[in-house]
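**Student:** Here it is: the structure, laid out below.
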Amino acid sequence: MKLNNITIILGVIFLCIPFHQSYGQGARYTGSYTKSAAVQYANKSNFVIEGLDISNIKGDAISLHGCENVIIKNNKVSSSDKRGVYLFNCKNITIVDNTFENIQSGLVASTSQGIKFEYNDVTNVIGKLKGSNEMGVMAQFIQVSGTGNSVSYNVCENFSGESSPEDLVNMSQSNGTAQSPIIVKGNWIRGGGPSDSGGGINLGDLGGSYQLAEDNILVNPGQYGIGISGGQNMTLRNNKVYGSRQSFSNVGIVAANWYENLGPTSNITVSNNTINYTHKDGYINNWWFGNNVGTINGKETNKYDASLNASILPNKIIGRARSSSPPVDNSGGSTTLPEDNPDTNPDTKPEEKPTTPDEDNESTDQGVLLPQVKNDPSILIYLDKYNRICINTLGTIAASADIIAGNSKGEIVYRQALTRYHTVLPKRPTPDKYTILVRNGNKAHMKTLNIP
């Protein structure tokens with residue numbers, strides 16, 4: 001990959017991949033839905049649940065028992081008196097790009113492996129507000145184990161008087177591995193309470209091991225912000241937590257072994273978190289660490305920032321990932337392009353043969369240096385005869401796969417999920433030099449194209 005002269009802003013974005021800090025969190029689906037009753041499956045494998053509108057449900061909206069290799073994507077679940085998604089004894093389930101509104105809980109996964117709850121929007125976790133006997137969560141793992149477990153890049157907003165969550169993210173009796181811990185990463189959470197025990201992110205509830213919460217942003221999440229309740233090999237790092245004075249607010253970070261009868265707590269890391277949390281009595285109460293967790297690694301690196309306030313999250317967080325605009329032809333508005341109709345059963349060959357790029361299609365300028373990206377040959381980026389930006393992908397498409405486009409000013413001008421083997425970006429961009437980054441699991445490809 002040749003080095004590009006995109007501005008330093010774009011370089012930093014690609015270096016850290018924190019596009020999630022701009023438009024990345026939450027559901028990205030903008031299509032339509034089909035009305036559906038509740039969905040229930042048992043002992044079934046290798047299928048997809050998508051494009052459904054499940055509302056006003058008594059019981060769980062989507063319930064899987066003993067299922068394996070399932071994707072639940074692009075659905076809307078609302079007004080459910082139980083869980084949006086319930087999993088029991090399942091394996092390799094991905095819940096991505098769904099919208100949940102006014103539900104008792106978002107996801108509860110029990111006795112399962114390989115569970116991913118990512119890029120979802122959740123508004124108003126009802127909990128016990130309307131008569132349920134069960135606490136409300138955005139996402140909870142109960143005895144989830146093994147590799148590949150994640151609650152990441154979700155958005156959750158709870159409005160006072162319309163919601164009553166307990167822990168918004170709760171990891172209970174769950175165990176990752178040293179090489180693949182349970183990941184809670186890049187979530188945006190605003191609003192919690194009035195529970196006097198619930199809060200934002202709780203690792204190690206009733207024990208567990210190898211859990212990591214990082215790069216999350218929380219505003220007024222409840223009685224506490226982020227915490228560790230027990231277990232071994234638990235990490236809280238690089239999170240931002242703000243809590244204003246409320247009738248239930250207590251502490252920003254807490255680490256203690258609340259379940260000493262279940263065993264000792266060890267190898268705890270709490271590092272590089274930034275906190276400003278006000279107790280209900282009006283004093284700053286940023287962290288509290290119990291004396292029964294041993295040495296806490298990184299404790300001295302946590303920071304109280306008096307300037308931290310609710311603006312660490314934008315005013316609009318629900319639906320934000322769907323609100324970014326594609327490139328527009330300013331000379332005459334957006335130009336509708338020929339419909340892309342890929343083969344429904346694509347083989348391993350590209351569907352449209354690209355022209356061989358010449359020196360005008362790739363940057364040779366030596367300006368601000370972008371990080372080196374190892375271009376994987378399974379991803380091909382090119383211009384077709386209409387000067388549309390096209391991407392061909394070979395092999396399996398990861399649930400998190402995406403496309404990012406930046407212009408010569410260093411501005412991100414387009415982003416979408418990568419869901420097809422052949423993708424044509426939907427609008428012809430204004431003439432400029434664009435850098436395109438495509439990520440598919442652990443594979444990536446980045447290329448600069450000149451649009452005449």
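The values are calculated or read from the model by the stated rules, or taken from the named source; none is laboratory data. All values derive from a computational prediction rather than experimental measurement. Reconstructed Cβ throughout: ideal geometry from the backbone, glycine too, with neighbour counts over all protein chains shown.
**Student:** Which fully enclosed strands (runs of 3 or more DSSP E) of the range 53-126 have 2 or more residues being closer than 20 Å to residue 26 by Cβ?
**Tutor:** 68-73, 76-88, 91-96, 99-110, 113-118, 121-125
**Student:** Can you find a residue in the range 292-313 that is part of a helix (DSSP H, G or I), modelled with pLDDT under 95 and hydrophobic (A, V, I, L, M, F, W, C)?
**Tutor:** no
**Student:** Looking at (1) assigned to a loop (DSSP other than H, G, I, E, B); (2) buried (at least 20 other Cβ atoms within 10 Å of the Cβ), which is the one condition that is false for residue 382?
**Tutor:** (1)
**Student:** Here's something else I'd like to know. Starting from residues that are in contact (Cβ under 8 Å) with a residue 60 or more places away in the chain and of a type in the set (Val, Ile, Thr), keep the ones in the range 168-219 and report whichever is surrounded by the most Cβ atoms within 10 Å (Cβ to Cβ).
**Tutor:** 219
**Student:** Within the range 395-413, restricting attention to residues that are under 18 Å from the mean Cα position of the chain (by Cα) and assigned to a strand (DSSP E or B), which residue is surrounded by the most Cβ atoms within 10 Å (Cβ to Cβ)?
**Tutor:** 404
**Student:** Taking the range 73-84 as the region of interest, how many residues are surrounded by fewer than 18 Cβ atoms within 10 Å (Cβ to Cβ) and modelled with pLDDT of 95 or more?
**Tutor:** 0
**Student:** For the subset of the range 261-291 comprising residues that are under 27 Å from the mean Cα position of the chain (by Cα) and assigned to a loop (DSSP other than H, G, I, E, B), which member is nearest to residue 199 (Cα to Cα)?
**Tutor:** 286
**Student:** To continue, here is another question. Considering only the range 188-210, I want to know if a residue exists there that is more than 24 Å from residue 314 (Cα to Cα), among the hydrophobic types (A, V, I, L, M, F, W, C) and in contact with a Leu (Cβ under 6 Å, 6 or more places away or on another chain).
**Tutor:** No, the range 188-210 contains no residue that is more than 24 Å from residue 314 (Cα to Cα), among the hydrophobic types (A, V, I, L, M, F, W, C) and in contact with a Leu (Cβ under 6 Å, 6 or more places away or on another chain).
Yes/no per residue for (1) touching a residue at least 40 places away in the same chain (Cβ under 8 Å); (2) over 17 Å from residue 202 (Cα atoms); (3) not assigned by TED's automatic domain parsing to the domain that holds residue 172:
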| position | (1), (2), (3) |
| --- | --- |
| 251 | no, no, no |
| 271 | no, no, no |
| 279 | no, yes, no |
| 283 | no, yes, no |
| 288 | no, no, no |
| 293 | yes, no, no |
| 305 | no, yes, no |
| 311 | no, yes, no |
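**Student:** Out of all the residues in the range 18-72, which are modelled with pLDDT of 95 or more, buried (at least 16 other Cβ atoms within 10 Å of the Cβ), over 18 Å from residue 113 (Cα atoms) and not small (Gly, Ala, Ser)?
**Tutor:** 33, 39, 49, 50, 52, 54, 60
**Student:** Separate question: Just checking, which of 247, 325 is closer than 30 Å to residue 388 by Cα and either part of a loop (DSSP other than H, G, I, E, B) or modelled with pLDDT under 95 (or both)?
**Tutor:** 325
**Student:** Which one of these is at pLDDT 85 or above and either buried (at least 19 other Cβ atoms within 10 Å of the Cβ) or within 24 Å of residue 30 (Cβ to Cβ) (or both): 438, 424?
**Tutor:** Answer to the selection: 438.
**Student:** Tally the residues that are under 22 Å from residue 66 (Cβ atoms) and either surrounded by 24 or more Cβ atoms within 10 Å (Cβ to Cβ) or more than 19 Å from the chain's Cα centre (by Cα) (or both), restricting the search to the range 112-132.
**Tutor:** The number of residues fulfilling the criteria is 3.
**Student:** Scan the range 119-142 and give yes if some residue there is closer than 25 Å to residue 320 by Cα, without any contact (Cβ under 8 Å) to a residue 60 or more places away in the chain and either of a type in the set (Phe, Trp, Tyr) or not assigned by TED's automatic domain parsing to the domain that holds residue 187 (or both), otherwise no.
**Tutor:** No.
**Student:** Only residues that are crowded, with 21+ Cβ neighbours inside 10 Å and outside any strand (DSSP E or B): list them for the range 142-167, please.
**Tutor:** Passing the criteria: 144, 149, 153, 154, 158, 163, 164, 165, 166, 167.
**Student:** Of all the residues that make up the range 235-251, how many are surrounded by 21 or more Cβ atoms within 10 Å (Cβ to Cβ) and touching a Gly at 6+ places or on another chain (Cβ under 7 Å)?
**Tutor:** 3
**Student:** All but one of (1) among the hydrophobic types (A, V, I, L, M, F, W, C); (2) in a loop (DSSP other than H, G, I, E, B); (3) crowded, with 24+ Cβ neighbours inside 10 Å hold for residue 135, so report the exception by its number.
**Tutor:** (3)
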